[in-house]
Amino acid sequence: MKGQKFPEILRKRKDETLENWVKRQLPLADKGGITPDELRRQCSEFLDLLENVMQSGASLSPDDPKTAPIVEFLKEVSRDRVMRGFSPTETAVFIFSLKEIVLPMLQPLAKNEETFSTEVMPLSLLLDQMGLLTFEQYLNNREEIIARQQLDMTEISTPVVKIWDGILALPLIGTLDSRRTMTVMEKLLQKIVDSAATVAILDITGVPTVDTLVANHIMKTVAATRLLGAEVIITGVSPAIAQTIVHLGVDLSGIQTRATMAEGLKLALRMTKQQMTEEARNGVNLLEKGIAATQGAQARKGRS
């Protein structure tokens, strides 16, 4: 960074610059729940870092160790803005609103070609680079959050529950794809090993549609389960899904199926030579109602 006069100007007019910069950002800060004191602290810290970067002659290259503090600071600001619900443009305003303030301060230097190229242009380019950095980091942070949320939703939507000695239940809700099927299979197989279960109830009441791909996914899960010595009972097969499976030519003749999870549990108890108490029967009925309610909510969401 060639410019040497801006740090001096900034030191003399820092309070003025800080107040004007904070004032420009207050409407967005209020929207994102950032207090004026918090915003002022961030802005003051950034101005100190900017002054140090320019005095050190550093660039904004991530490979330049002199810029590491300001790069990390901007990454943290972008991460904070993502969590507070700011848009990419609103996040970039943190830098570009400063540019609107400091460039007019260098207007006397712009009248001379030499000082313009050594003072004004380097600062303008530096602020542009930092603005782009906040924008790019915002997108990276948002992608990370979305990926983490998708993983969390997958974990929540594929619970493997031990409902009786030797009996597991896996209620599936939502659309099945290849990735989710792999997760379902891994969790089910691991649970079978950990609990020494001999029967697994695969409930598809909450699966909105069954096509060839979904049917193949279910068959693979059944095959993998049998390799561990456990049997699978498929429940929640509605008349529409039954017709679809027959139309697709999927052979389920070797698999036990039942219309409801309660019926599936009764079959599982017979297979394991156990009995179901009234309390357990009530629990299964509540589980079925919960699955049906979730499926209905998904259907309403799809129509809206």
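Values quoted throughout were computed directly from the atomic coordinates according to the rules given, and no laboratory measurement underlies them. Only a predicted model underlies this, so the values are computations on that prediction, with no experimental measurement involved. Backbone-built Cβ (ideal geometry, glycine too); neighbour counts: all protein chains shown.
The figures follow:
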item: Hits among aspartates and glutamates - C-alpha to C-alpha of residue 187 under 19 Å, sequence gap 8 or more where chains match; result: 152, 155, 165, 177, 203, 231
item: Inverse of mean 1/r across different Cα pairs in region 5-152, Kirkwood, Å; result: 16.1
item: Radius 13 Å from Cβ of residue 8, net charge of other residues (Lys, Arg +1; Asp, Glu -1); result: +3
item: Under 5 Å, built H, 5+ apart or other chain: amide partners of residue 203; result: 170, 172, 235
item: Summed side-chain charge close to residue 23 - residues other than residue 23 whose Cβ falls under 13 Å, Lys, Arg +1, Asp, Glu -1; result: -3
item: Net charge contributed by nearby residues that have their C-beta within less than 14 Å of residue 224 (K/R +1, D/E -1); result: +2
item: Per-residue HN-Hα couplings for region 135-141 [Karplus 6.51, -1.76, 1.60; θ = phi - 60°; Hz; x = Gly/Pro]; result: 5, 5, 5, 4, 5, 5, 5
